[in-house]
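Quick notes on the structure that follows.
The values are calculated or read from the model by the stated rules, or taken from the named source; none is laboratory data. Here the structure is a predicted model, which means the values were calculated and not measured. Because the Cβ atoms are built from the backbone with ideal geometry, glycine has one as well, and the counts that use them run over all protein chains shown.
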Amino acid sequence: MQQLVWELPEQLCNALCRCRDVVVSGEVPLSIAVAGMGGSAIGGDIIGGLLAERCPVPFRVVRDYRLPAFVQADTLFFAVSYSGNTEETLAAYDQATRRGCRVVVVTSGGKLGGLAERRGQPLFQVPAGLPPRAALGYLLVPLAAVLEQVGVVDGLTSQIERAAGLLRRCRIKWQRQAKRIAKSLFERLPIVYSTSRLLDPVADRWRCQLNENAKVMCHTAVFPEHNHNEIVGMGSPESLRRSVLLILYDRFTHPRTARRVAQTLEIARGTFERAHRLKTEGRVPFERVLSLCMLGDMVSIELARFRRVDPLPVARIDSLKERMRGKR
Ligand code: F6R
C-alpha cells in the first residue's frame, strides 16, 4: 500500500494516457451525476469540489441505490465501481440506463464491465488487482477527460499533468511530514476540518484512508458550517481530550472563513491535545487538492505502521459484502 500511495503521480500519468483511447462526444449535458461508493466515489467528489464554482450545470455524486429525479435523458451519468460488482452502483446504473441517460462506465470489469460492453456504452477499463482506494488516479482521470470532451469545462487534464509533477517533486518532503503527523495521531481521535468546498472531499479522503488503512475512527466537519452547530459540541472537552485537529487550508480559503477558524481555535483553547494546520501546495486546483490528498494517504500508512496493522486488508468491508450477497 505504501508503494501504491507513493506511485500516485505515475498512476495519474498512466491514466491520462489510457484516456486517449476512449472518446465520448455529444452536447453539453444539462446535468451530471456520478454513482459510486467508497474508494470509487471519491474521484467524483474531488471533481465536484473542483467544479463547485465553475460548472455551468448541476453536478451530484450519488452514493445510493436510487437516483434523484433530476437524473434524466439529458444527464451525463458516470457509473464508477472498481470491482464492477458493487450493488448500490449497479442499481443506480440500471436506473440510469432505463431513464435513457448518456452513460459512461469506469471499472476494472465485473458485472458492470460486462453490461457496458454488451450495451456498447463508453467504457474506461481500469487495471485490475488494486484496492479501489489505491486506484484514485484511474478512477478520477476519466471523469475529468470526459467532462473536457463534452465541453463542460476545459483544462482539467493539463492540470492533472501539472499535479503529477508537483506530487513527484514533493513526495519525499511529505513522507517526513506524514511521519510526524501520524506520530501525534497515535491513540488519538483524528478530527479533520475543511475550510473550502475544494477541500471538503479531501477531508473525506483523509477520513476514509484513516478508516481503511490505519483502521481507526475519524471525524470530519466543514467550515463555516461548523460555527453554526459543532462549535457548541466542542464545549464538552472531556470527550475531546484525546483528539487531534487537522485543519485543511487552501490559499483561496475565504478570508472570513480563515478568521472563523482562528476565532474558533481561540474559543476552544485547551480542548484539543494538538492542532495541525495543513496547507495545500501548488497553484492550479488539481495540484492543490491532490497535494493534501497524497499527504493524507501517507499519514494513513504511517499511522498503520505505528499501530502495527496491515493497511491492505479491509476484512470488515469484505465480510459485510459477503453477508449481503445473494440476499434480497
Ligand atoms: C476498498 C474501498 C471500498 C470500495 C467500496 C466500493 O479499497 O476503498 O471503499 O471502494 O466498497 O467497491 P468498488 O470500488 O469495487 O465499487
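Pairs, please: C-beta under 6 Å, at least 6 apart or cross-chain, first residue within 30 Å of residue 318 (Cα to Cα) and in region 37-64, second among the aromatic types (Phe, Trp, Tyr)?
Taking only residues 6 or more apart or on different chains, the pairs are 40/82; 48/59.
Given the conditions (1) under 25 Å from the mean Cα position of the chain (by Cα); (2) more than 16 Å from the ligand (Cβ to nearest atom); (3) under 18 Å from residue 200 (Cβ atoms), which single one is not true for residue 256?
(1)
Would you pick out the residues in region 235-253 that are part of a loop (DSSP other than H, G, I, E, B) and surrounded by fewer than 18 Cβ atoms within 10 Å (Cβ to Cβ)?
235, 236, 241, 242, 251, 252
Only one of 163, 178, 145, 182 is surrounded by fewer than 24 Cβ atoms within 10 Å (Cβ to Cβ), under 24 Å from residue 253 (Cα atoms) and touching a residue at least 24 places away in the same chain (Cβ under 8 Å); which? Break it down stepwise before answering.
Values: 163 fails: surrounded by fewer than 24 Cβ atoms within 10 Å (Cβ to Cβ); 145 fails: under 24 Å from residue 253 (Cα atoms); 182 fails: under 24 Å from residue 253 (Cα atoms).
Among 163, 178, 145, 182, only 178 is surrounded by fewer than 24 Cβ atoms within 10 Å (Cβ to Cβ), under 24 Å from residue 253 (Cα atoms) and touching a residue at least 24 places away in the same chain (Cβ under 8 Å).
Taking the conditions exactly as written (crowded, with 19+ Cβ neighbours inside 10 Å, away from the ligand (no atom under 15 Å from the Cβ) and either under 22 Å from residue 159 (Cβ atoms) or touching a residue at least 60 places away in the same chain (Cβ under 8 Å) (or both)), does residue 67 satisfy them or not?
Judged against the criteria, residue 67 is not a match.
Anything in region 1-35 that is without any contact (Cβ under 8 Å) to a residue 60 or more places away in the chain and under 20 Å from the mean Cα position of the chain (by Cα)? List them, or say none.
3, 7, listed by residue number.
Considering region 185-218 alone, what residues qualify as being over 28 Å from residue 254 (Cβ atoms) and among the acidic types (Asp, Glu)?
187, 212 - these are the residues of region 185-218 that are over 28 Å from residue 254 (Cβ atoms) and among the acidic types (Asp, Glu).
For region 17-56, name all the residues that are at pLDDT 95 or above and either in contact with a Ser or Thr (Cβ under 6 Å, 6 or more places away or on another chain) or in a loop (DSSP other than H, G, I, E, B) (or both).
Listed by number, the residues that qualify are 29, 30, 31, 33, 35, 36, 37, 40, 41.
Somewhere in region 97-106, is a residue within 30 Å of residue 171 (Cβ to Cβ), surrounded by 15 or more Cβ atoms within 10 Å (Cβ to Cβ) and at pLDDT below 95?
no
Per-residue answers, yes or no, for (1) within 26 Å of the chain's Cα centre (by Cα); (2) closer than 30 Å to residue 137 by Cβ; (3) part of a loop (DSSP other than H, G, I, E, B):
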| residue | (1), (2), (3) |
| --- | --- |
| 261 | yes, no, no |
| 266 | no, no, no |
| 270 | no, no, yes |
| 278 | yes, yes, no |
| 283 | yes, yes, yes |
| 286 | yes, yes, no |
| 290 | yes, yes, no |
| 297 | yes, yes, no |
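Before we move on, is residue 131 surrounded by fewer than 24 Cβ atoms within 10 Å (Cβ to Cβ) and near the ligand (Cβ under 10 Å from one of its atoms)?
It is true that residue 131 is surrounded by fewer than 24 Cβ atoms within 10 Å (Cβ to Cβ) and near the ligand (Cβ under 10 Å from one of its atoms).
List, please: which pairs have Cβ atoms under 9 Å, are six or more places apart or on different chains, and start with a residue in region 254-272 that is in contact (Cβ under 8 Å) with a residue 24 or more places away in the chain and end with one that is assigned to a loop (DSSP other than H, G, I, E, B) and among the basic types (Lys, Arg)?
Once the first residue is in contact (Cβ under 8 Å) with a residue 24 or more places away in the chain and sits in region 254-272, its partners that are assigned to a loop (DSSP other than H, G, I, E, B) and among the basic types (Lys, Arg) give 271/241; 272/241.
Failed condition for residue 231, given (1) out of contact with any His (no Cβ under 7 Å at 6 or more places or on another chain); (2) surrounded by 20 or more Cβ atoms within 10 Å (Cβ to Cβ); (3) of a type in the set (Val, Ile, Thr), with all others met?
Evaluating residue 231 over (1) out of contact with any His (no Cβ under 7 Å at 6 or more places or on another chain); (2) surrounded by 20 or more Cβ atoms within 10 Å (Cβ to Cβ); (3) of a type in the set (Val, Ile, Thr) leaves (2) as the failure.
Can you tell me which residues in region 34-62 are surrounded by fewer than 24 Cβ atoms within 10 Å (Cβ to Cβ), within 16 Å of the ligand (Cβ to nearest atom) and not small (Gly, Ala, Ser)?
If the condition is that a residue be surrounded by fewer than 24 Cβ atoms within 10 Å (Cβ to Cβ), within 16 Å of the ligand (Cβ to nearest atom) and not small (Gly, Ala, Ser), then 37, 45, 61 are the ones that fit.
Scan (1) touching a Leu at 6+ places or on another chain (Cβ under 9 Å); (2) in a strand (DSSP E or B) for the single condition residue 220 breaks and write down its number.
So the condition that residue 220 fails would be (1).
Would you say residue 31 is crowded, with 16+ Cβ neighbours inside 10 Å, polar (S, T, N, Q) and within 13 Å of the ligand (Cβ to nearest atom)?
Numbers: crowded, with 16+ Cβ neighbours inside 10 Å: yes; polar (S, T, N, Q): yes; within 13 Å of the ligand (Cβ to nearest atom): no.
Taking the combined requirement at face value, the residue does not satisfy it.
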